[in-house]
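Q: Got a structure for you, written out below as structure tokens; questions coming shortly.
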């Protein structure tokens, strides 16, 4: 079975749901979801740019959480202003 973008996106959101807006280490989430390394990284960017998750690096370590209302507004404005890049996978 092929691991699609939708499957990976849903798996990330499912892993973050119990934590709510609390930041968790991306490595812990990354280990529990299907797909290749780059599929997971691309999914994280896609969810961030769509305003569904928030991510930040602390001391070089990426952390992620579900987005709150402010994060969704920032993502919407970035899309409106054309500041969200298209993800192209070769």
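Q: Out of all the residues in region 22-49, which are under 20 Å from residue 73 (Cα atoms), under 13 Å from the mean Cα position of the chain (by Cα) and in contact (Cβ under 8 Å) with a residue 40 or more places away in the chain?
A: 23, 45, 46
Q: Same structure, new question: Do we have residue 7 as modelled with pLDDT of 90 or more, surrounded by 12 or more Cβ atoms within 10 Å (Cβ to Cβ) and more than 12 Å from the chain's Cα centre (by Cα) here?
A: yes
Q: Now, a different point. Taking only region 25-82 into account, find how many residues are surrounded by 14 or more Cβ atoms within 10 Å (Cβ to Cβ) and touching a strand residue (DSSP E or B) at 6+ places or on another chain (Cβ under 8 Å).
A: Qualifying residue count for the region: 16.
The values are calculated or read from the model by the stated rules, or taken from the named source; none is laboratory data. Not measured: the values here are computed from a predicted model. A quick note on method: Cβ atoms are made from the backbone with ideal geometry, for glycine too, and the neighbour counts reach across all protein chains shown.
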